[in-house]
Amino acid sequence: MSTIKNYYQLKATIEPKIIGKSELPLTVEIKDKTFESQSREYMLNIDKYFEDKDGILKHFPQNLVGKMYQKKKDPIDIMLSMPMYMSIDFIVSKRVKNILDELNINPTEYQTVEFSIEGQIESYYFLFIPMLRNKDYVDYRKSVFHSSRLDNTTIFGTYEEYLLARNNGYRVKTLYVSDELSDRDIISLQAAGPFFSERIVEAFNENMIVGYDIIKGGDFKVDLKFS
């Protein structure tokens, strides 16, 4: 059993004091045909993503150059990519990469790919967090889902029952996952995530990493528990 007790959902910040007036977190735009094609393919076909997951980095385009989507804004430690790319949860600075490396997190939980941003001397990195299949790890006998559309909260009981109802806008609120994931520092499933362990968040705080918020409430807040 792991000694890790707490996990946190992180999101790229929209705090005006950090990014200025913008409804979108600071974002790096990638204009590359292969990147855009792969992004579109995996976003539209999750089964294709899982087929290719273990070999995605072998086919990922190299030597990419991005530019800041928000004009006249400098990069910060944690940002988003445009377009979205399945399993690239954030774009991060070398400072973030160094923290993750120094914590000796299992390399199966994340990988980074270096690239450059126009006008910047320092390198930045795509942070790949492999996504896990719901049906392999989620305990549907305990996980709690809510549909605002139906004003209904339910436990489905089985993955098959969840599939039949998922088009009704159900979001997971309490996510029970297999105990075999409890030793991980980073957990990302189709249902929710990524979740970061307390020691990662503490290291970010100690090193004054800029660009993230902890999700503390609202529709996207999920309580992670182990079954």
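The values are calculated or read from the model by the stated rules, or taken from the named source; none is laboratory data. As the structure is a computational prediction, the values presented were derived from the model and not from experiment. No Cβ is skipped: glycine too gets one built from the backbone with ideal geometry, and neighbour counts run over all protein chains shown. For the accessible areas, the whole protein counts, side chains as well, though only heavy atoms, and no ligand, DNA or RNA atoms are used. Shrake-Rupley method; radii C 1.70, N 1.55, O 1.52, S 1.80 Å.
Observations
- Rounded to the nearest 10 square angstrom, Thr153 shows an accessible area of 80 square angstrom against a 1.4 Å probe.
- Taking 19 Å as the cut-off, the amide N atoms of region 107-137 that come nearer than this to a point 7 Å along the Cα-to-beta-carbon line of Asn63 belong to 113-126.
- Close amide H pairs (under 5 Å, H built 1.01 Å from N) link Lys225 with Leu175, Tyr176, Val177, residues at least 5 positions away or on another chain.
- Span from the region 166-214 Cα centroid across to the region 59-111 one, whole angstrom: 17
- Among the GluC sites (Glu not before Pro) found in region 137-180, not one is both in a DSSP coil and sparsely packed, with 11 or fewer other Cβ atoms within 10 Å of its Cβ.
- Percent antiparallel among DSSP beta bridges (both partners in the chain, rounded to 5): 75
- Table column - 3J(HN,Hα) (Hz), region 62-73, Karplus curve with 6.51, -1.76, 1.60, x for Gly and Pro: 9, 6, 6, 10, x, 9, 5, 5, 7, 5, 6, 10
- Region 150-166 - phi-based ³J(HN,Hα) in whole Hz, Karplus 6.51/-1.76/1.60, Gly and Pro as x: 9, 6, 9, 10, 8, 10, 6, x, 9, 4, 5, 5, 4, 4, 5, 10, 5
- Here's the list of aspartates and glutamates a cross-link from Lys142 could span, going by alpha-carbon distance under 17 Å and ignoring same-chain residues fewer than 8 apart: Glu160, Glu161, Asp179, Glu180, Asp223.
- Two-site label geometry, Arg141 and Arg95: point separation in nm, points 7 Å out along Cα→Cβ: 4.6
- Sequentially through region 170-178, phi angles give Karplus couplings (6.51, -1.76, 1.60; θ = phi - 60°) of 6, 10, 6, 10, 10, 10, 9, 10, 4 Hz, Gly and Pro residues having no value and appearing as x.
- Heavy-atom accessible area for Glu15, with the other protein chains in place and a 1.4 Å probe, reaches approximately 70 Å².
- Solvent accessible area, Å² - Lys67, 1.4 Å probe, full protein context: 80
- On the basis of the beta-carbon distance and an R0 of 35 Å, Thr154 and Leu44 show a calculated FRET efficiency of 0.80.
- Inter-probe distance in nm under a simple model that places probes 7 Å from Cα toward Cβ, at Lys5 and Lys33: 5.5
- Accessible surface, 1.4 Å probe, highest first, among residues Thr154, Thr34: Thr34, Thr154
- DSSP bridge orientation in region 123-227 - percent antiparallel, rounded to nearest 5: 65
- Cut-off 13 Å (backbone N to label point 7 Å along Cα→Cβ of Leu163), residues of region 37-81: 47
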